[in-house]
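Novice: Just passing along the structure, written as structure tokens.
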Amino acid sequence: MAKVMVYPPTSLILADLVERMDHEALVVSKEVRKKINTPGLESPPLNITPDGPKKGLKYAAVDVPSGVRGRMSLIGPLIEEADAAIVVKDGGYYIGCTGCARTNELTKFLLRRKEIPILEVDYPSDEVEAKRFVHEIRQFLEGLT
Amino acid sequence: MRMTKFVVTSQNSDVLPSDMAMKIYESGRNINIKETCFGVMIDGEDSEVEETVKEIRALDPNGIFVKDRGFPPGDPRRCRGHRGGGARPGLYSIEYESKILPLISIGLTSEERGEKPVYSIEKKKWLNPDELEKLIEHEFS
């Protein structure tokens, strides 16, 4: 079973397809759950705290906006853990944790730099594309050990 | 450890959120359920949630999709009932992807049957402005 990072990291379709093929999908909600279940200074615990941008310094320089570093404090650990990745080139919806274009670029860059198997696909818009989409993802996931 | 899952039905699935909720109630497990317009949210101990997800998925294997959720249902940090209304932050992604789910169901069914996808058909391209100009000229000249 491989750990597969999906991008966008909130994707229902990608996370579901990965788990169907008996792999572990690395999604941002798992990181959020860890944060909100850990007792801290804030009550109730928050998913993003002033500590987030500090942790994000591991992935982005100090002059990079805190929004990017805060997001990277959630997405960065997923990239480190990933054995493979499935990336949708144009997600079509970018809001919340994927609402920052620079973070999206940085995430894709870090994934490529890690030199892990990456599948880049587009969301399907008709039946023919949907069959290709599912087939390509299945073949990619079957090839992972 | 507790976990929360979104269970979303495809638009072409015959399974309703209420059917899924009834199935979970029947199981008698100690699980919180919240019925929503797109499916159900289930929250409980991870082993129980995993088993429940397997049972629900069996209702329509290619029409039911599951993903993790960070916050539990009704959490005051996310629930719009506590935040004075408005869409929940993650709703936009589910709204966007739920429109594609019927196509994914077709893809999954096709894979199940062992059909090979067609690659000879070219991918749809955006209309070139020059082509559009020619079409307009042709139509109105």
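No value in this document is a laboratory result; all are computed from the given coordinates. No experiment lies behind these values; they were computed from the predicted model shown. Because the Cβ atoms are built from the backbone with ideal geometry, glycine has one as well, and the counts that use them run over all protein chains shown.
Novice: Taking the stated definitions as given, is A:E120 in a strand (DSSP E or B), more than 10 Å from every other protein chain (Cβ to nearest Cβ) and either over 20 Å from B:I100 (Cα atoms) or acidic (D, E) (or both)?
Specialist: Yes: the conditions hold for A:E120.
Novice: Can I ask one more? Just to be sure I understand, how many residues within the range B:100-141 are surrounded by 12 or more Cβ atoms within 10 Å (Cβ to Cβ), in a loop (DSSP other than H, G, I, E, B) and not acidic (D, E)?
Specialist: The qualifying residues number 2.
Novice: Right, A:F133: aromatic (F, W, Y), away from chain B (no Cβ under 13 Å) and either without any contact (Cβ under 8 Å) to a residue 60 or more places away in the chain or more than 30 Å from B:I106 (Cβ to Cβ) (or both) or not?
Specialist: So A:F133 does not fit the description; no.
Novice: For the range A:43-64, indicate whether the set of residues that are touching a residue at least 24 places away in the same chain (Cβ under 8 Å) and not in a loop (DSSP other than H, G, I, E, B) is non-empty. Can you show your working first?
Specialist: Taking the range A:43-64 and keeping what is touching a residue at least 24 places away in the same chain (Cβ under 8 Å), we get A:47-48, A:59-60, A:64.
Now restrict to residues that are not in a loop (DSSP other than H, G, I, E, B): none.
Taking every residue of the range A:43-64 in turn, none turns out to be touching a residue at least 24 places away in the same chain (Cβ under 8 Å) and not in a loop (DSSP other than H, G, I, E, B).
Novice: Can you name the condition, by its number, that B:M41 falls short on among (1) within 14 Å of chain A (Cβ to nearest Cβ); (2) more than 12 Å from the chain's Cα centre (by Cα)?
Specialist: The number of the failed condition is (2).
Novice: Scan the range B:82-99 for residues that are out of contact with any helix residue (DSSP H, G or I) (no Cβ under 9 Å at 6 or more places or on another chain), part of a loop (DSSP other than H, G, I, E, B) and at the interface with chain A (Cβ under 10 Å from one of its Cβ atoms) and report the count.
Specialist: Adding up the residues that qualify gives 1.
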